[in-house]
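Asks: Below is the structure I would like to discuss, written out as structure tokens.
The values are calculated or read from the model by the stated rules, or taken from the named source; none is laboratory data. Note that the structure is predicted; figures quoted are calculated from it, not measured. Positions of Cβ are backbone-derived with ideal geometry, glycine not excepted, and every protein chain shown enters the neighbour counts.
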Amino acid sequence: MNGKSLVLSAALLCGFSFGALAQEAGDPAAGEKVFRVCRQCHHIGRGATNFYGPVLNGLIDRPAGSVPGYNYSEANKTSGKVWNVPTLTSYLRQPQHDVPKTYMTFAGIKSDKEIADVIAYIAQYDRSGAKKGEGPQPQ
Ligand code: HEC
């Protein structure tokens, strides 16, 4: 097995969506640090709810503008996007450019590695806010 296919199988084992195959897999531990900037506006994990921005649990393969009870901009709702590695990479680089008039007043992340890492961090959480593979959320 060569280096490239090792990276690919690691990405598959971590439960990445198919979109990840075209890119280097991010590092979720490094992504947790990058996520600090998102945390001002977004919550994720067990018990997370909508905040200034929509909750980010179960984000991968989620259509844009689809969290119940969150008041999205028209721009987001009509963007036609489905959030996966390529669409998030483009959005997080320049949110206002990628979805003009989005309510997300965030300048964007310049580093491709930081973008990959933060996506890997977010991708760990399923819709219930549990980390994938951890089992159902205790009551
Ligand atoms: C200053 C507040 C703020 C920061 C910081 C911020 N966001 Fe957002 N984000 C928002 C708002 C508000 C929306 C809703 C956008 C809309 O409706 O146009 C949003 C929307 C999103 C969406 C679309 C969600 C959906 O359900 O369609 C994603 C994905 C997202 N943000 C990821 C991130 C990530 C990752 C970071 C950190 C790198 C981040 N955001 C930083 C405020 C923020």
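Asks: Counting only residues that are more than 13 Å from the chain's Cα centre (by Cα) and assigned to a loop (DSSP other than H, G, I, E, B), which one in segment 110-128 is nearest to Asp27 (Cα to Cα)?
Replies: Of everything passing the filter in segment 110-128, Ser111 is nearest to Asp27 (Cα to Cα).
Asks: Turning to a different aspect of this structure: Could you tell me whether Gly108 is at pLDDT 95 or above, surrounded by 17 or more Cβ atoms within 10 Å (Cβ to Cβ) and among the small types (Gly, Ala, Ser)?
Replies: Spelling it out, it is not the case that Gly108 is at pLDDT 95 or above, surrounded by 17 or more Cβ atoms within 10 Å (Cβ to Cβ) and among the small types (Gly, Ala, Ser).
Asks: Yes or no: segment 22-34 includes at least one residue that is of a type in the set (A, V, I, L, M), more than 11 Å from the ligand (Cβ to nearest atom) and either assigned to a loop (DSSP other than H, G, I, E, B) or buried (at least 18 other Cβ atoms within 10 Å of the Cβ) (or both).
Replies: Looking for residues that are of a type in the set (A, V, I, L, M), more than 11 Å from the ligand (Cβ to nearest atom) and either assigned to a loop (DSSP other than H, G, I, E, B) or buried (at least 18 other Cβ atoms within 10 Å of the Cβ) (or both), one finds at least one in segment 22-34, hence yes.
Asks: Hey, could you check segment 42-69 for residues that are within 8 Å of the ligand (Cβ to nearest atom) and loosely packed, with under 15 Cβ neighbours inside 10 Å and say which is farthest from the chain's Cα centre (by Cα)?
Replies: Tyr52
Asks: Does segment 73-84 include one or more residues that are touching a residue at least 12 places away in the same chain (Cβ under 8 Å), outside any loop (DSSP other than H, G, I, E, B) and within 22 Å of Lys113 (Cβ to Cβ)?
Replies: Looking through segment 73-84, at least one residue is touching a residue at least 12 places away in the same chain (Cβ under 8 Å), outside any loop (DSSP other than H, G, I, E, B) and within 22 Å of Lys113 (Cβ to Cβ).
Asks: Same structure again: Is it the case that segment 86-97 has a residue that's in contact (Cβ under 8 Å) with a residue 24 or more places away in the chain and part of a loop (DSSP other than H, G, I, E, B)?
Replies: no
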